[in-house]
Structures are given as structure tokens and as C-alpha cells.
Amino acid sequence: MVIPGEAPFFSHTLPDRAATYERPSRILLVDDDAPLRRTLPHVLAQAGRHFEECGTVADAISRLENNHYDLILLDYRLPDGSGLDVLDWLANAGRSESVVMISGEDAIDAAIGALRRGADDYVRKPYHVAQLQRAVQNVLHKALLEQANGVMSQRLKSSERLHRYLVESSPDFIFTLNPSGAFNYVNPRIQTMLGYTREQLLGKAFSTLLLDDDALRVEGLLRDASRGKRMHQVLELRLRRYDAQTGQPGTTTVTVTLNAVPISHRNDEDTSHAPVGIYGVARDISERKRAEEIITFQAYHDQLTHLPNRILFKDRLELAIAQAQRRGGLLAVMFIDVDRFKRVNDTYGHSEGDRLLRGLASRLKETLRKGDTLARLGGDEFIILLPDIAHSEDAETIAQKIHAALKTPFQLEHGSFHATVSIGISVFPRDGDVAEQLTQHADIAMYQIKREGKNGFRFFDPDLNAHYRERIALEDDLRGALSRNEFSLHYQPQISMDSGELVGVEALLRWQHPTHGLVGPAAFIQVAEEVGLIRDISHWVVDTATRQLARWHARGHGALRMSINLSSHDFDRDDTIDQVADCVSRCGLAHDRFEVEITERVMMRDTDEVIARIRRLRDCGVGISIDDFGTGYSALAYLQKFPVSSLKIDRSFVNNLNGEGTQPIISAITGIARGFGLHLVAEGVERQEQADRLQDMGCDIMQGYLFSKAVTADEVDLWLEAPPIAPARQAQ
């Protein structure tokens, strides 16, 4: 590290005593006695000593102008002057060479004059060799000691400058306090950190910067430091910034970590003397604290709505349960799901969906009490904690307030949207005593509202839980049913009353459940649609049905027709439609021998994509049959839009043939079928009088328990080979 304006710190090292004696020394002999100049180097010779010689003042000054020496052996009397002239030149030039004056003068004034002019020693001629050697040794040793001392002084000055630079330039607030706790030093960082000048704080108590909450903790730390305790404790506290308007510490703060240690003149082991002050370092951690707060907030809050997330909600719910258990009180959990939210995302985009969710969160909060918790679980699901309720009806009141708050439409970028929600409610301790159980039961109640038509609320019922568990088990079993070959097709015969022959069948899906036995589609199709399994099941049905029909045609029954039922979800995708067309083509089925039944629910969607998919089926020779015809309000209008090939009279009309207005409706349907050239089938025929009446009204082809329940393909083979002479009712 380089101190500004200084050489690198510790760029030289202090020589030890051994190195001092071994250091090379340059010695200049100035004497007009040539033999003496030749003799002295031999007399004074030691390792590391180098001698030069000259005989006049002028030569000596000339050498000194170009060289530096450690020692000058200077004769007092010289041909062109005296040794005093050389001493004067050294003094004027500010030189530091050591000088031993050698003189034959007896007068004491000569010695005094030489020493005053800077000579280090004075040796009078004649001298003993040992005397001169000792004088030279002493002067050289003294010079080296002075040089070492100079190096040490320079190092101390450099060290002081370094430490001052480090303290003055530190990014931390560094200060010292006197024993009474007042500032007697602050570094410049105080101005950028807290807004004070150094002069404003000197002499002021450290406590003036503290908030009341932190004062007691800091007081203890400083008290321990003032008693000489070296504390390793680091306190986190807030220092008040300077308010320029009031000239006093303000309300804004800076979060710092503070460490304080005693200042003592004694060493660390000596605790007998009280410290003379306190040294403190305060580091600004405001940015780190803000980052930690952001990370903590993100960990426990939803980023879109800034509401508590699932983790924080569970924590608050567990706390509320513990409090309710101690007090014997009640609390409620409300599970909220937004109805038709997917439509907003699909129609207007996810940004508008996010905007709607933020608006919903705002309105939901307005309906709650101050101590209630609203959290977002993800997607369009919210959950509410109502602690400390007096009665379970209090939760019903909140649910009604929520529905009332949502009556006003939300203004989105592309128009207004009327949002509704389905709410399930569970109450502690009636519906559970742990957080997970209460949340699950509220979810189950909400799901039931969804099934009942949405836009409502209901409390949890234990019967719902049993149904929910059965449904979960059904889902699990259903996921592996295809791979375990548990599905099969049964076929209900369609009989011509004129000929008594089997002219068609309706393929009906059955599931051979490992524990519940043979299960009809009503028990599992809706579940398959909701969990996304319907596509694979429909593909299996189409493949199995077309192959079976092709086998019957190959045996000589080419006029036999077959109809299958597809889910309304199948008309949302092209893959199932493509598969129907491929299977019909691959099996070589004749035109309109294979039919797909659609419901009025599919027709009423009336989208270009649905109509296009139905037309593709017709173009491939697949018949389109409208199931339950006549039960809707717009069936006639859709006959012009959809390329229909068959109609099925709904069983409700067949069961109520004697009811008011039923016979005219059936007559109208038969007339429509004749007028449009459509194939007509009556389903649900169970009694002979029903069959007779339908036949009288122009309906020839019928299916129902009067003729047969749905049977296996092998049983259909028997019908094809030897049909019954007269229809006979069979038990279901």
C-alpha cells in the first residue's frame, strides 16, 4: 500500500546490531603528509572500510562535492588552509559526514574550535595508534546508530501518516470519547453519514445521536468499555441524522453496527489503571438492512399483490390457533377462488389478469377487520384468516360483504369485467384444530361451491370431506386405468321396429374398477375432464370403436351403424378430431356408418373453430348426431349451422309421452328429421306402449331397456346372427 505522496511503507528495514558493524564505510583521509596517508589505511583497516585520500582543502572540498563519506579524518593544518575550512563547508552544505580532527596544536582553543564547528572527535598528535583506532570506531558506530535512529523516526512518521490516512479516509465512522462519553475525535465520515461537521460533534455526548430504544444498550456497552473491558460484542443500532432546519438531531436514522473498546496507556495485561477514553467504530449497514428487508419481504409476501403468501399465512394461522385454544375462542378460514379468471387471461392477456388480481386484493382488504389476514396462495386463489370471531355467522357476514364489494365491475384496459368468487369456510375448532386441516376443509367447501354453480359461499360439511377423499382416490385410480387395460366398450342395440333387426349400436364406455366393479361414465368422465385425462380416454374409445365396427362390417353387416360420445373438451383440440378421421379412413368405414354424438352444450358455443372441426368430420364421412335433441331452446336454429346427420329424441320425452305437450314435440322432431333428411333414434324406451306410440308418430329406430341394456361385443354378435323375434324388456 502506498500512502499518497509517500514511498511504499516499510520499503526499508531497520538494520540490527550485527548489520551495523558490517555495513561498508567510506573514509576520506585529508592530510598533507603523504607517508601518513599511505600508512593510516593499513592501521585502520577493517572489513568493509574503504579509504580515499587527498592533501589539501581544495581537493577535499572537490571530492565532497561529488561524493558522500561516512567519516573524514581531517588534519588541522593543510597547505592551502585549515581543517576548520572543511568543517565550515560541511556545515554550510548541510552535510552529515562524521569528522575526526587530527592536529598537532597544543592549544585548547584549537580543539574547542574544531568541536564547535562540528567535529565529532579531536585527536592530538602525537597519538597512539590504539587511540586513533578507538576514536574512528566510536565515531563510525555513533554515525550508524544515528542513521538507524533516523530510519526508525522516519518509519514512525510514516506509520503515523498511514494510520491517520486510514482513519481519515475510512468508510466507517471512527471516533474517540473521553471518560465522560463526549466526542474528542471524529473522522470526516461523520459528515457524509450523519450530516454533521466535525466541529458540531466535538465535546458533545455520544448519547445525543441515539434513539431512546437504543440508548440503554449503548450505555451498557460504553460503561463496560470505560471500565477497561475489551468487548467483542457488536451492537446494531440507529444513529440520528442531523436536521439542518432545526440544527438538532432529526428523526431520520442510519442503521449501523457499533464496536467500542477502551483506550489505555497500559498494556493489555495490566488492568490496574482506568482507560483514558473509548475508541469506537460505527459501520453503515443501511443498504444491507434494506436488502435484507426486501429479501425477507419477498420470502413472505406475494410479489404481485404484496399480500402475505402461503408461508406467512400459515405462520399467522398457527399463532391464531394457539391463542384461540388458550382463550377458548373461535376463528374462521375462508378459501376464495375467482370465477372465470382464466377467461380474462385468455381474452385480454396476463397483464390484464394481473391488474384484475391487484384490484381484487384491494377490494377484499376493504371488507376485513384490522386484525384479519388476507393472503394470496397463487394464481386466482386467496385465503382469509378471521381470528377472534364470536360466532361462525361472523364469517358469513364477511362473505356477504365480499360479494357485495364485487358487484361493481372492474375497469380493465379493454372494458369492464364483473368478477365473482366462490368461497369455502371452515371454523376452528369445529372443522379442525390444525392449520393444514382448516385450510384443506375450506378448500373442499369452496370446491363444492364451484360444482354447484359458483358465485357463492358455504361452510365445510364433514360429508364433503368423505366425498373429497373418494374423489382423490378416484383420480389416483383413473390415472392408471388405461395402462392397466381396465376400460371396455359396451354397446346398446338400436332396433328397427319395422324389421325387428339390429340396425345400430351406441358405444358406451365402462370402467372395470378393481374394487367398485363395473362403473359407468357418469361416475368418472367429469373427473377425467378436470384432471386432463379425457384426451387419452377419448383416443382409446375412438380407436376401439372404429376397429370393432370394421370387424362387424367385415363379417357381412355393412349396414350396421355405430355412435360414440365425445367430451365437449375434445372439440377444443384438433388432435382428437384428426384421430377420428384417421381411424375412419384406416378402417375403411362407409359414409355415415360411424357417428359422433354432440350435445347442445357443444353447439351453443357456436365458435368458428368448433363448427370447422365438425365440418371436417362430416367431410371425412363421419356422421354427426345431436344427443338429447329438443331439451334446449336453440336446437332448431343450430340445425342450419351444423352439418348434422342424426337426431336422438331425449329420454325425458319418451318417459313422459302422456304429459301435456309431449306428443306434439315428438311429432315436431320426427317432422324435422324427415324435412332435413336426418336419421332419427328414440332413446330410453322401456315399455312396449312407448314403442308403439313412438312408432305411430313416425319414429322407427329405438334403443332402451325394452330391447336390451348395453352389452359386450360378443353379445352383439349373437344379435347380429339371430335377433329376437319380438322385443322383450330386460332388467338393467
Task: Expected 222 nm ellipticity per residue - DSSP helices of 4 or more, -39500 (n - 2.57), all of the chain, to 500 - done: -13500 deg cm²/dmol
- [ ] Measure off, as a whole percent, the carbon and sulfur share of the 1.4 Å-probe accessible area of the chain, all protein chains present.
- [x] 49
Open item on the list: For LEU28, what residues show an amide H to amide H distance below 5 Å, using hydrogens built from the backbone and excluding near sequence neighbours?
Closed with: GLU52, LEU71, ILE72, LEU73
Task: Theoretical gain in end-to-end length, ASP498 to LYS289 [0.36 nm per residue, Cα-Cα removed] - done: 66.3 nm
- [ ] Return the Cα extents of the stretch 100-217 along principal axes one, two and three, sorted largest first, each rounded to a whole Å.
- [x] 87, 25, 24
TODO: Sort the following peptides by mean Cβ neighbour count (other Cβ atoms within 10 Å, averaged over residues), highest first: 687-697, 153-163.
DONE: 687-697, 153-163
- [ ] In whole Hz, with x marking every Gly and Pro, tabulate ³J(HN,Hα) for the stretch 528-535 from phi via Karplus 6.51 cos²θ - 1.76 cosθ + 1.60, θ = phi - 60°.
- [x] 4, 5, 6, 9, x, 9, 5, 4
- [ ] Provide the FRET efficiency to the nearest 0.05 for the PHE676-ASP574 pair, computing r from the beta carbons and using R0 = 30 Å.
- [x] 0.60
- [ ] Please give, to one decimal in nm, the separation of the simple spin-label points placed at ARG451 and HIS516, each 7 Å out from Cα toward the Cβ.
- [x] 1.1
Open item on the list: Within 14 Å, Cβ to Cβ, of HIS418, how many net charges do the neighbouring residues add up to if Lys/Arg are +1 and Asp/Glu are -1?
Closed with: +4
Open item on the list: Quick check on the chain: of the DSSP beta bridges with both residues there, what percent are antiparallel, nearest 5%?
Closed with: 60
Task: More than 40 angstrom apart: percent of Cα pairs within the chain - done: 67
- [ ] Note the full-extension length gain between LYS157 and VAL531 as 0.36 nm times their separation in residues minus their Cα-Cα distance, in nm to one decimal.
- [x] 126.5 nm
- [ ] Note down the nm distance, to one decimal, between modelled labels 7 Å out along Cα→Cβ at ILE263 and at TRP540.
- [x] 8.6
TODO: For helix 212-226, report the angle its Cα long axis makes with the longest principal axis of the Cα atoms of the chain; keep it between 0 and 90° and round to the nearest 10°.
DONE: 40
Task: Amide hydrogen neighbours beyond the local backbone of GLU595, cut-off 5 Å, H modeled - done: MET562, SER563, ILE564, GLY623
TODO: Could you grab the relative contact order for the chain? Cα pairs under 8 Å, six or more apart, rounded to a whole percent.
DONE: 6
Open item on the list: Under a Cβ-only charge scheme (Lys and Arg +1, Asp and Glu -1), can you give me the dipole magnitude of the chain about the Cα centre, in debye to the nearest 20?
Closed with: 1560
Open item on the list: On a 31 Å Cα-Cα criterion, which of the cross-link pairs LYS342/LYS401; LYS342/LYS648; LYS289/LYS342; LYS450/LYS709; LYS342/LYS407; LYS407/LYS641 come out too long?
Closed with: LYS342/LYS648; LYS289/LYS342; LYS450/LYS709; LYS407/LYS641
Task: Given charges at Cβ of Lys, Arg, Asp, Glu: the chain dipole, positive-most of GLY371, ALA107, LEU29 - done: ALA107
Task: Simple label model, 7 Å out from Cα along Cβ direction - GLU396 to ASN67, nm - done: 11.8
TODO: Counting only heavy atoms of the protein chains, get the accessible area per residue of the stretch 293-389 (1.4 Å probe) and round it to a whole Å² value.
DONE: 51
- [ ] Grab the other residues whose beta carbon is less than 13 angstrom from that of ASP394, score K and R as +1, D and E as -1, and report the net.
- [x] -2
Task: Tensor-based shape of the stretch 71-148 (alpha-carbon gyration tensor, a/c under 1.5 rounded, otherwise prolate or oblate) - done: oblate
Open item on the list: Just to confirm the number: angle between the C-alpha axis of helix 57-66 and the first principal axis of the chain, 0 to 90 degrees, nearest 10?
Closed with: 0
- [ ] Calculate, for ARG38 and VAL276, the FRET efficiency according to 1/(1 + (r/R0)^6) with r their C-beta to C-beta distance and R0 60 Å; round to the nearest 0.05.
- [x] 0.40
Task: For LEU330, distant residues with modelled amide H under 5 Å away - done: ASP388, ILE389
Task: the chain: angle of helix 83-93 to the longest principal axis, Cα-based, in degrees nearest 10 - done: 30
Task: Full-extension gain in nm, GLU686 to ARG616, via 0.36 nm per residue minus C-alpha separation - done: 21.6 nm
TODO: Label the stretch 310-415 by shape, choosing from rounded, prolate and oblate, from the square roots a ≥ b ≥ c of the eigenvalues of the Cα gyration tensor; if a/c is under 1.5 it is rounded, and otherwise prolate applies when a/b is larger than b/c, oblate when it is not.
DONE: prolate
- [ ] Go ahead and run the numbers for FRET between GLU413 and GLU366, Cβ-Cβ distance against an R0 of 25 Å, rounding to 0.05.
- [x] 0.65
Open item on the list: So if I take the centroid of the Cα atoms in the stretch 301-364 and the same for the stretch 382-451, what is the distance between those two points in Å?
Closed with: 9
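The values are calculated or read from the model by the stated rules, or taken from the named source; none is laboratory data. Everything numeric here is computed off the predicted structure, so don't read it as measured data. No Cβ is skipped: glycine too gets one built from the backbone with ideal geometry, and neighbour counts run over all protein chains shown. The accessibility values were calculated without ligands, DNA or RNA, using every heavy atom of the protein model including side chains. Shrake-Rupley method; radii C 1.70, N 1.55, O 1.52, S 1.80 Å.
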